[in-house]
Amino acid sequence: MTKQLMIYERAVPVSSERHRDWSLRSGDDYGFARGVNSVPLLAAEFIAAASEYTIVFAGDEENVFPSVILGMRDNENSHVDADGAWTGGYIPAFLRRYPFVFARSDDGGTFTLCLDEEFDGFNKDGKGERLFDSDGKRTQYLETMLNFTREYQTLFDRTQLFCKRLKDLDLLQAGTAQFNLPDGQSSLAGFYTIDREKLKALPAETLAEMAKTDELELCYVHMQSLNNLTPMARRIAGAGAGAGAASKTNGAAPARDAAAEPATEEA
């Protein structure tokens with residue numbers, strides 16, 4: 001599981017002085033995501049994403065965050081075609097907010113709206129949406145993206161709390177997956193899944209608390225989504241050679257049942 005933030009090549013603060021004459025042409029081109037096989041996923045997106053994608057937890061022993069698997073090989077996204085069109089259904093918010101992103105200050109108290117100046121859709125020819133009007137004020141488009149990015153950051157922080165709960169309860173286990181594709185065997189590693197037996201063994205009061213906060217539902221949605229790994233590998237194999245794909249997973253057993261800051265911006 002690699003390259004989660006590599007779609008941002010040169011993120012700089014948005015400012016009327018620097019970007020006053022800039023426009024952004026965006027929409028259907030997701031070519032910038034062609035080289036990522038997973039991206040972060042907010043807890044609020046679990047239900048929308050779980051019907052099609054596999055949700056895992058990426059990170060290390062100290063910090064983890066949900067991720068959605070988009071490809072079976074490193075640097076390969078099977079949901080972006082040769083023309084840059086998204087071929088899947090749900091598009092993760094991490095990709096929909098691009099090329100915008102918040103940069104957190106060193107003390108963690110403030111956020112600055114930034115954009116990736118290397119995004120191909122930026123231009124000074126007036127094509128697409130203007131970032132600032134002739135008076136140097138934010139356009140409605142920029143205000144909309146600012147609000148979207150602010151909401152994303154809020155949900156990001158909430159998702160971190162969910163992950164902390166999983167870590168504190170020692171519910172995560174290392175997972176690997178191996179697939180036999182037409183051009184050879186492929187494997188995924190470096191991710192974590194929820195241990196079903198440990199979850200079931202939690203005290204009743206803990207499970208009740210997690211049910212009230214919807215965290216228990218998130219756990220089961222995640223485990224159910226693991227069933228999407230094999231169909232995804234089969235689709236990739238079928239597209240490449242008209243053949244099936246066998247898979248073997250460790251620490252990622254398919255689910256047997258489904259359950260159920262204050263911020264400042266510069267622009």
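The values are calculated or read from the model by the stated rules, or taken from the named source; none is laboratory data. These figures come from a predicted structure and were not determined experimentally. So basically every Cβ, Gly included, is an ideal-geometry build from the backbone, and we count neighbours across all protein chains shown.
Descriptive notes on the structure:
- Considering C163, C114, the condition of being in contact with a strand residue (DSSP E or B) (Cβ under 9 Å, 6 or more places away or on another chain) and in a helix (DSSP H, G or I) is satisfied by C163 alone.
- Unique residue being within 23 Å of the chain's Cα centre (by Cα) and either farther than 28 Å from D74 by Cα or not in a strand (DSSP E or B) (or both) when the list is F148, F179: F148
- A255 vs. criteria on the phi < 0 side of the Ramachandran plot and modelled with pLDDT under 80: yes
- Qualifying residue in segment 138-146 (condition: over 18 Å from V221 (Cβ atoms), of a type in the set (S, T, N, Q) and surrounded by 14 or more Cβ atoms within 10 Å (Cβ to Cβ)): yes
- Flag if K127 is of a type in the set (K, R), in a loop (DSSP other than H, G, I, E, B) and either under 25 Å from F46 (Cβ atoms) or touching a strand residue (DSSP E or B) at 6+ places or on another chain (Cβ under 9 Å) (or both): yes
- Meets criteria (in a loop (DSSP other than H, G, I, E, B) and within 19 Å of T193 (Cα to Cα)) for D170: yes
- Scope segment 152-164; condition surrounded by fewer than 17 Cβ atoms within 10 Å (Cβ to Cβ) and at pLDDT 95 or above; matching residues: L155, R158, Q160, L161, K164
- Evaluation of D83 against the conditions (1) more than 22 Å from C163 (Cα to Cα); (2) surrounded by 13 or more Cβ atoms within 10 Å (Cβ to Cβ) shows that the sole unmet condition is (2).
- D106 meets the conditions (1) surrounded by fewer than 17 Cβ atoms within 10 Å (Cβ to Cβ); (2) under 13 Å from A49 (Cα atoms); (3) of a type outside the set (K, R) in every case but one. The failed one is (2).
- Filtered residues of segment 70-93 (kept if in contact with a Leu (Cβ under 7 Å, 6 or more places away or on another chain) and hydrophobic (A, V, I, L, M, F, W, C)): M72, A93
- Out of S105, S186, S78, sole residue that is of a type in the set (S, T, Y), touching a helix residue (DSSP H, G or I) at 6+ places or on another chain (Cβ under 9 Å) and modelled with pLDDT under 90: S186
- Search result, residues across segment 214-251 that are under 23 Å from A43 (Cα atoms), part of a loop (DSSP other than H, G, I, E, B) and at pLDDT below 95: G251
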